[in-house]
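> Below you'll find the structure I mean.
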Amino acid sequence: MLKYFNIAVIGFGLIIAIVLIKYKPIYKVSISGEEVGYIESKEDFVENIKENMTKETTKNIDTIEIEQEPEYELKLVNRTLKTNEEQVIENIEENAIITYKYYEIAVNNETVDSVNTIEEAEELVNYMKEENQDEELDLTIVEKYTQEEQEVDTIQDIEVAKVEIQEKVTEEIEKQKEQERIDAMPEVNGIKLANIPVSGTITSRYGVGSRIRRGAHTGLDISAKTGTPIQVVANGTVTFASTSGAYGKLVKVDHGNGVETWYAHTSKMYVKPGQEVTAGEIIAAVGSTGNSTGPHLHLEIRINGEHINPQKYLYN
Ligand SMILES: [Zn+2]
């Protein structure tokens, strides 16, 4: 009886040995019921993939989630069958939802750059504060998360970021100064004047009499060389650009609210009626056309057609 049992055990062992020579155990991997391939070992398989993905990138990965956890099925297959770990890994990686973490630096509430870590962000902010001690800058760090890889693709090395941010900060400071300058400029009937049309010497004030004209002076004369660019003082629409008697070559710009500015005696006009112009745009050049004794700009400001004293607002 024992003899038969021994023979049975040996026989069974032999069968297993033969099976193992010919066959091997592997795991069939499926995702959402669909076969993706074969792997040798499932020991921490997904964890290892995640770890590798984190190592292989310089980007700051916050979390990696696998949309569909793979299912494993132990199988005995012919030893000649090759496993395809690489393909399985690729498939799982494609299935992964990666959340990236990064930090935005904002100057005066405007995002200027992004870096990968909080340490870099703090280093940048401190650097900016030191470099721009005299400026009033509001520097903030905002923690951001994204699943869009492109958003973190543009993140630069911190040294590059320093240069980039300084450029933007300089721009921001200039913008701020420009805004302060405009804020300090006057308004005519609710219309903000952004600049003077030409810099030069006042040669005739508003309201004075003169032997070359009848009645009081309706504008302000600023002498400047022929050809000096004339800038429009506020945003508006050109309503007139033509020769007009004593005014010579005259440009009129309507700024809304009944406010108009006139630029007279010009040598050249660069705009046409109907054209929209923005404050500071060059619309004409100083000249001496019309009733004029030398190159100058005759500037008029009108409210609802009535001329007012430009010096109440400009050149004072
Ligand atoms: Zn004049």
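> Test of understanding: among GLY280, GLY219, which residue is touching a His at 6+ places or on another chain (Cβ under 6 Å) and closer than 26 Å to ARG181 by Cα?
On the way: GLY280 fails: touching a His at 6+ places or on another chain (Cβ under 6 Å).
From the options GLY280, GLY219, the qualifying one is GLY219.
> Do the conditions hold for GLU90, that is, is it surrounded by 13 or more Cβ atoms within 10 Å (Cβ to Cβ), free of Cβ contacts under 8 Å to residues at least 12 places away in the same chain and not assigned by TED's automatic domain parsing to the domain that holds GLU135? I'd like the intermediate steps shown before the answer.
Values: surrounded by 13 or more Cβ atoms within 10 Å (Cβ to Cβ): yes; free of Cβ contacts under 8 Å to residues at least 12 places away in the same chain: yes; not assigned by TED's automatic domain parsing to the domain that holds GLU135: yes.
Taking the combined requirement at face value, the residue satisfies it.
> Give the residues of the stretch 266-294 that are touching a residue at least 60 places away in the same chain (Cβ under 8 Å) and either within 16 Å of the ligand (Cβ to nearest atom) or of a type in the set (Ser, Thr, Tyr) (or both), sorted by residue number. Before you say what the answer is, go through the steps one by one.
Residues of the stretch 266-294 touching a residue at least 60 places away in the same chain (Cβ under 8 Å): 279-280, 286-288, 291, 293-294.
Answer for the stretch 266-294, where residues must be touching a residue at least 60 places away in the same chain (Cβ under 8 Å) and either within 16 Å of the ligand (Cβ to nearest atom) or of a type in the set (Ser, Thr, Tyr) (or both): VAL286, GLY287, SER288, ASN291, THR293, GLY294.
> Within the stretch 147-158, track down each residue that is surrounded by 15 or more Cβ atoms within 10 Å (Cβ to Cβ) and over 15 Å from THR58 (Cα atoms).
none
> Can you list residue pairs whose Cβ atoms sit under 6 Å apart, with the first residue in the stretch 218-233 being farther than 16 Å from THR203 by Cβ and at pLDDT 95 or above and the second being polar (S, T, N, Q) and outside any loop (DSSP other than H, G, I, E, B)? Count only pairs 6 or more apart in sequence or on different chains.
VAL233/THR261
For (1) among the hydrophobic types (A, V, I, L, M, F, W, C); (2) farther than 26 Å from GLU149 by Cα, each residue gets a yes or a no:
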residue	(1), (2)
ALA17	yes, yes
GLY33	no, yes
SER41	no, yes
GLU67	no, no
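> Given (1) buried (at least 17 other Cβ atoms within 10 Å of the Cβ); (2) within 16 Å of the ligand (Cβ to nearest atom); (3) polar (S, T, N, Q), where does ASN132 come up short, assuming only one miss?
Status for ASN132: all satisfied but (2).
> For VAL238, indicate whether it is more than 15 Å from the ligand (Cβ to nearest atom) and outside any strand (DSSP E or B).
Numbers: more than 15 Å from the ligand (Cβ to nearest atom): yes; outside any strand (DSSP E or B): no.
Taking the combined requirement at face value, the residue does not satisfy it.
> What is the residue count in the stretch 295-316 for residues that are in a loop (DSSP other than H, G, I, E, B) and free of Cβ contacts under 8 Å to residues at least 60 places away in the same chain?
Within the stretch 295-316, the first condition is being in a loop (DSSP other than H, G, I, E, B), and the residues that meet it are 295, 304-305, 309, 313-316.
When the remaining residues are screened for being free of Cβ contacts under 8 Å to residues at least 60 places away in the same chain, the result is 304-305, 316.
Residues flagged as in a loop (DSSP other than H, G, I, E, B) and free of Cβ contacts under 8 Å to residues at least 60 places away in the same chain within the stretch 295-316 amount to 3.
> Among the residues of the stretch 246-262, are any among the polar types (S, T, N, Q) and touching a helix residue (DSSP H, G or I) at 6+ places or on another chain (Cβ under 9 Å)?
Applying the first criterion (among the polar types (S, T, N, Q)) to the stretch 246-262 yields 257, 261.
Filter again for touching a helix residue (DSSP H, G or I) at 6+ places or on another chain (Cβ under 9 Å), leaving 261.
Yes.
> Taking the stretch 24-75, which residues are of a type in the set (Lys, Arg) and either surrounded by 15 or more Cβ atoms within 10 Å (Cβ to Cβ) or more than 45 Å from the chain's Cα centre (by Cα) (or both)? If you could, list the steps in order and put the result at the bottom.
Residues of the stretch 24-75 that are of a type in the set (Lys, Arg), as a first pass: 24, 28, 42, 50, 55, 59, 75.
LYS24, LYS28, LYS42, LYS50, LYS59, LYS75, listed by residue number.
> Considering (1) surrounded by fewer than 17 Cβ atoms within 10 Å (Cβ to Cβ); (2) more than 16 Å from the ligand (Cβ to nearest atom); (3) polar (S, T, N, Q), say which one GLN231 fails and leave the rest.
Of (1) surrounded by fewer than 17 Cβ atoms within 10 Å (Cβ to Cβ); (2) more than 16 Å from the ligand (Cβ to nearest atom); (3) polar (S, T, N, Q), only one is false for GLN231: (1).
> Given (1) surrounded by fewer than 17 Cβ atoms within 10 Å (Cβ to Cβ); (2) within 20 Å of TYR315 (Cβ to Cβ); (3) away from the ligand (no atom under 12 Å from the Cβ); (4) of a type in the set (Gly, Ala, Ser), identify the lone condition not met by GLY245.
(2)
> Please work out which one of (1) more than 14 Å from the ligand (Cβ to nearest atom); (2) part of a strand (DSSP E or B); (3) not aliphatic (A, V, I, L, M) is the condition TYR263 fails and give its number.
Every condition holds for TYR263 apart from (1).
The values are calculated or read from the model by the stated rules, or taken from the named source; none is laboratory data. Model, not experiment: these values are computed from the prediction. Methodologically, a virtual Cβ is constructed for each residue, glycine included, from the backbone with ideal geometry; neighbour enumeration extends over all protein chains shown.
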